Each structure stands twice: as structure tokens, then as C-alpha cells.
Amino acid sequence: MSVLHTVNKSPFERNALESCLRLAKAGSSILLFEDGVIAAMQNTKFSERIAQAMHDFSFYVMGPDVKARGLGEDKLINGIQVVDYNGFVDLATEHDAVQSWL
Amino acid sequence: MKFGIVINEGPYTHQSSDSALQFVKAAIEKGHDIFRVFFYHDGVNNGTRLGVPPQDDRNLTKEWSELAEKHGLDLVVCVAAAQRRGILDEDEMGRHGKNAHNLAPGFRISGLGQLIEAGIQTDRLVTFGD
Amino acid sequence: MENGEGVVKRFCYINRKAPYGTIYALESLEVVLIAAAFDQDISLVFVDDGVYQLTKGQDTESIGMKNFSKTYTALGDYDIKKVYVEKESLEERGLTADDLQALKYEDEDDDWAEKDSLFLVGRSELTEIINEQDVILSF
């Protein structure tokens, strides 16, 4: 079984990402979208945590949400793959289930 | 692949309906089948036809209605959640002695069993919420 | 069951929010009660603030809202036998199992003996449980 985890909240606002990192099985994928994209940025107090977690998880970030917020794809943590909604759909099909961390 | 979509928040306050709409459009474009879109919690508010967003803004309800018409989407609003929040179709209006109904075209009101059925019948259930 | 065509999937309901402050706990419970009629393999998970949904002694009289906490103790009658509470979430909140309502079911295969349906599970065990599910609904 492989699960795609989605996180749509900023780690500065909610514990969704933290809970996801805590409970997702190593080898899972994590898609950051909506305000969740904030966690994908370099130089935040969460960046190191994400970089560490990249040993266990594949990270994806919703490009359109990054762009909408003016965050700049060049400022994303290295190794996080940028996807669009097509990519989101593909990720959903490539995994066995999708868990939204609401 | 067969997808079920769950939307748990109303339009505008949260991005969930927008994200779901983009996801559904992309999935259809890729040739996937959207078995059902289920609106729950405040998500039922996506089903009111009485919203009048500013002209330079998107009209999410209208977009869902149009997408449903174009692709035969099954847009289901949870009856229990809808009753609480004042989303009624004509039947519900009659049943509860109200003098108006507001369910937008392309949406239908039904029970929570439709959500469970979507979970059983689809390959993937994707939830959008707060 | 209704259009189920005999398919049995593993459904997991993940609850992460405290009751009353938002409607998610109540409406999650409403889904679970309906889901019980579909003969699927149901697991309920309570993590983070979701563990507060199960506390004993809830009294909503002064806030004017319906107290739905007793419904959790009726889940056994709906044949819901797997309720998982994350140990660490309890500990972080200074709670123990004694702060939670007892959840039981009657085992029809064991002369209707009353058994616990609430299981305290550690983080890693819960990770495995979640990872085995076919359908995950979060509230």
C-alpha cells in the first residue's frame, strides 16, 4: 500500500503537516497545496524539518498555489517536485489511497 | 480511473471548492471518470443558486453547475448538512413547509449513504476541506 | 447493501478536532453511523485534538449545544469494533485512558461477551493501521 498525503495548511497556522509527518509511513508521498505550500519554502523555521523528512517521503508542491502567493519557485526547498493539477491527479492515481490532513 | 470527490467547505471562505474544481477539470481532461462529487459540512453551501459574487470574481456554484451539465457530473449535497444550513430543493421546501428553495442546477440532495457508496465504488476518494 | 455489490473495503475515519468548537466531530459521527449500515470494514481513529471527542463527563448545557458524546458509547451497537486512540496524543494533552469513555461491543461469536472496542495504540502502530486502508476520510 502506498498513500498520497495532502496537506493544505501552513505549518505556522496548524499542526496538519506535523501530524502528517508523524503518522505517514516512510515511503509515502506528501503533496503540499493551498496554504500548505508555505512549508515548501526555504529559510523558514520548518525548512530543516522538511529537508530531514525528505529522507522518508517524496515531497510535491502545487505550483499554481506557490505562484498565486508570490512565493517564487526558485525559493523552494531543493528536491521538492513542483506539480500542477494534472500532476495532482497523476499522484492520486499512482498511490493506493489519498489521505487529506484536514 | 474512477474518482470520488468530497468537498467539506463552502465557497470563497476556503480554497477547497476551487482546488476541487481544478482537480476535477484536470481529471476529466485526462480521461478519468468522476463518479460523484459529494458536498458535506459547509460544503453544501456550494449548492446555493442565490450567491451573487462580484462580476470580476469567479462564480463557483455556476462553474460546478456548468461542469456538471457538460460532463454529466453527479453533484450530491448531503441532506442532513443541507437542512441545517438552509440549502433546499423543491421537495425539501415542501417537506419542511418553507416558501423558497435554492438548490442550483446540476446539484441534487441526497443522503450520506451516497458518500459511503462513492467510497465503495471509486478507485480513489479525494477530500478537499479546511 | 445499497449498490455495494458485496465489496468490502477498509474505511478509516480520522478525527483530529475537538468537539463543539467546530461541527466536524458531530458530522463525522453522523457519517460513521450511516456507514455502519454498509457492511464495510470500519476503523475510527482519534488523534491530536480528536481525542477530546471521547472524554467522559461532557456537559454542554450551558453552551446551548447538543451533547452527542453518549453516541460514541453506542457505536458498539452499530457493530463498530475498532476505535483507535493514539497514546501520544493523549499523553501530550495530559490525558489518560481513564479520562475517556469506555467503548464496548458485544461479540456475537463469543456468546455476546462484552469486549473493549477502544484501543490505545502507539504512533508506529497507528501508522501501519492508516497505511492499510482503502478509503480514508478525515474530519
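The values are calculated or read from the model by the stated rules, or taken from the named source; none is laboratory data. Predicted, not measured: the structure shown is a model, and the values here were computed from it. Glycine gets a Cβ as well: all are built from the backbone with ideal geometry, and neighbour counts include every protein chain shown.
Of all residues in the stretch B:2-33, those that are under 16 Å from A:ASP84 (Cα atoms) and either part of a helix (DSSP H, G or I) or under 10 Å from the mean Cα position of the chain (by Cα) (or both) total 13.
The one condition from (1) free of Cβ contacts under 8 Å to residues at least 12 places away in the same chain; (2) under 28 Å from C:LEU90 (Cα atoms) that A:GLY72 does not meet is (2). Considering C:TYR52, C:TYR24, C:TYR13, the condition of being in contact with a helix residue (DSSP H, G or I) (Cβ under 6 Å, 6 or more places away or on another chain) and of a type in the set (Ser, Thr, Tyr) is satisfied by C:TYR13 alone.
Being of a type outside the set (Val, Ile, Thr) and touching a Gly at 6+ places or on another chain (Cβ under 7 Å): is that true of B:LEU75 here?
Criteria met by B:LEU75.
As a summary of the residue check, B:ASP56 satisfies the conditions (1) more than 13 Å from chain A (Cβ to nearest Cβ); (2) closer than 25 Å to A:VAL37 by Cα; (3) surrounded by fewer than 17 Cβ atoms within 10 Å (Cβ to Cβ) except for the one numbered (2). The set of residues in the stretch A:67-102 that are more than 23 Å from A:GLU18 (Cβ to Cβ) and of a type in the set (S, T, N, Q) comprises A:ASN86, A:THR93.
From the list B:VAL24, B:VAL44, B:VAL37, the lone residue that is more than 21 Å from C:ALA25 (Cα to Cα), in contact with a strand residue (DSSP E or B) (Cβ under 8 Å, 6 or more places away or on another chain) and touching a residue at least 40 places away in the same chain (Cβ under 8 Å) is B:VAL24.
Looking at the stretch B:63-130, what helices (runs of 4 or more DSSP H) fall wholly within it and have at least 3 residues that are of a type outside the set (D, E, K, R) and at pLDDT 95 or above?
Passing ranges, in order: B:79-85, B:113-121.
The condition of being more than 13 Å from chain B (Cβ to nearest Cβ) and without any contact (Cβ under 8 Å) to a residue 24 or more places away in the chain holds for only one of A:VAL82, A:VAL61, that being A:VAL82.
Could you list, in sequence order, all residues of the stretch B:25-39 that are more than 9 Å from every other protein chain (Cβ to nearest Cβ) and crowded, with 19+ Cβ neighbours inside 10 Å?
Matches in the stretch B:25-39: B:ILE34, B:PHE35, B:ARG36, B:VAL37, B:PHE38, B:PHE39.
Identify the residue in the stretch C:77-98 that is surrounded by fewer than 18 Cβ atoms within 10 Å (Cβ to Cβ) and aliphatic (A, V, I, L, M) and, among all such residues, is farthest from the other protein chains (Cβ to nearest Cβ). The residue in question is C:ALA97.
Of all residues in the stretch A:1-52, those that are more than 27 Å from B:GLU9 (Cβ to Cβ), touching a helix residue (DSSP H, G or I) at 6+ places or on another chain (Cβ under 8 Å) and hydrophobic (A, V, I, L, M, F, W, C) total 1. Of note, C:PHE46 satisfies the criterion of being surrounded by 23 or more Cβ atoms within 10 Å (Cβ to Cβ), hydrophobic (A, V, I, L, M, F, W, C) and farther than 23 Å from B:VAL79 by Cα. Would you say B:ASP42 is under 13 Å from the mean Cα position of the chain (by Cα), crowded, with 17+ Cβ neighbours inside 10 Å and of a type in the set (Asp, Glu)? Yes; evaluated as a whole, the condition is true for this residue.
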